[in-house]
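This report concerns only the one structure given below.
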Amino acid sequence: MDISRKTDYALRMLSELVRSEGGIISVRAASEKDNIPYSFARSIQHDLVRAGIIESTRGSRGGMRLAVDPRRTTVRQVVEAIQGPIYISSCDTVGGHEGPCPFRSECHYNPIWCEAERILRDYFDSVTLYQVVCEHKHPMLDEGSHFRLADASEAPRDVPSAR
């Protein structure tokens, strides 16, 4: 699974809104602060409004503000609002006429991909926007196979690229 540039930008814009604590921020100000092309930021704004995550107002004092509680809105909700459901594989759509893979029932790897998807969904569901932005928390897998929230000192700074 790739986190798209659009999702990355949406999360950056939402971080500005979470920090504003209910205030209104112009799309232009958010795009400039986070180095997002303005036209792309406008497109993201429309997607976030359509998903019910932000509200948008027009006019000289217009802009955008959160329509959700950042203490209850998970990273998964935002990721899926922007780029759709989280998938690791395309087992459901690689068969003829966009149907499931014809080898799915006998595939040795399908259970691995399904479990990886579940783990990733649970991971993104285990942390809210507020926890990430204001508390600087991130989920980590503990020894009991559950996610716990850790602070920034427990995370590696750089994520190695898979490419």
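The values are calculated or read from the model by the stated rules, or taken from the named source; none is laboratory data. As the structure is a prediction and not an experimental result, all values here were calculated from the model. Please note: Cβ atoms are built from the backbone with ideal geometry, for glycine as well, and neighbour counts cover all protein chains shown. Just so you know, the surface numbers come from the protein's heavy atoms only, side chains and all, with ligands and any DNA or RNA stripped out. Shrake-Rupley method; radii C 1.70, N 1.55, O 1.52, S 1.80 Å.
Against the list (1) part of a loop (DSSP other than H, G, I, E, B); (2) more than 30 Å from K137 (Cβ to Cβ), the condition I3 fails is (2). For the range 100-131, filtering for residues that are over 16 Å from I88 (Cβ atoms) and out of contact with any helix residue (DSSP H, G or I) (no Cβ under 7 Å at 6 or more places or on another chain) leaves 7.
Screening A150 with (1) assigned to a loop (DSSP other than H, G, I, E, B); (2) modelled with pLDDT of 75 or more; (3) more than 26 Å from G23 (Cα to Cα) gives one miss only, at (1).
For the range 1-23, residues that are modelled with pLDDT of 90 or more and either touching a Leu at 6+ places or on another chain (Cβ under 7 Å) or open to solvent by 80 Å² or more (accessible area, probe 1.4 Å) (or both) total 7. Given the conditions (1) touching a strand residue (DSSP E or B) at 6+ places or on another chain (Cβ under 8 Å); (2) within 23 Å of V79 (Cβ to Cβ); (3) hydrophobic (A, V, I, L, M, F, W, C), report the number of the one that I44 does not fulfil. Result: I44 fails condition (1) only. Pairing each residue of the range 109-133 that is farther than 12 Å from R148 by Cα with any residue that is among the small types (G, A, S) and crowded, with 17+ Cβ neighbours inside 10 Å, provided the two are 6+ apart or on different chains, yields C-beta distances under 6 Å for W113/S89; V133/S15.
Of all residue pairs spaced 6 or more apart or on separate chains, none has beta-carbon atoms under 8 Å together with a first member in the range 52-73 that is within 14 Å of I25 (Cβ to Cβ) and a second member that is among the basic types (K, R) and open to solvent by less than 60 Å² (accessible area, probe 1.4 Å). Quick check on the range 33-45. Is at least one of its residues without any contact (Cβ under 8 Å) to a residue 60 or more places away in the chain, small (G, A, S), in a helix (DSSP H, G or I) and open to solvent by less than 30 Å² (accessible area, probe 1.4 Å)? Yes. The set of residues in the range 52-62 being open to solvent by 50 Å² or more (accessible area, probe 1.4 Å) and either closer than 16 Å to F124 by Cβ or assigned to a loop (DSSP other than H, G, I, E, B) (or both) consists of R58, G59, S60, R61.
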